[in-house]
Ligand SMILES: [Zn+2]
């Protein structure tokens, strides 16, 4: 039930991201994410709602997308920050950095990639969700 993603080395330290998914009901699970940068470990917990598949040809792709809603665990919710994000994953994409993926978080809007997309993509690729 665990999928590990190692990100390619960028200018700084290597990051290792671990995503652990636990299935609760047919369309609901939990995602525990740990991001290790050197000696620093950040942990994030979400509920994962599987919203099914959708079709979107805005990027010229004819793939069926997997759609999810991640809701932060209550103890990790902060005032002024959204408590959930809707995410679209192209399961046929070659990597987590692909124009077919999308997420509503600020990181994705700014950088075109984020931990939510990377984790869900890795879990799909490893047959976990
Ligand atoms: Zn995101």
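None of the figures in this text is laboratory data; all of them are computed from the coordinates on show. Remember, predicted model here, so these are calculated numbers, not experimental data. Cβ sites come from the backbone with ideal geometry, for glycine too, and all protein chains shown count toward neighbours.
Summary table below
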| read-out | value |
| --- | --- |
| Peptides ranked, highest mean first, by Cβ atoms within 10 Å: ranges 22-33, 92-103 | 92-103, 22-33 |
| Residue order, fewest to most beta carbons within 10 Å, for 46, 55, 85 | 55, 85, 46 |
| 36, 41 arranged by Cβ crowding within 10 Å, fewest neighbours leading | 41, 36 |
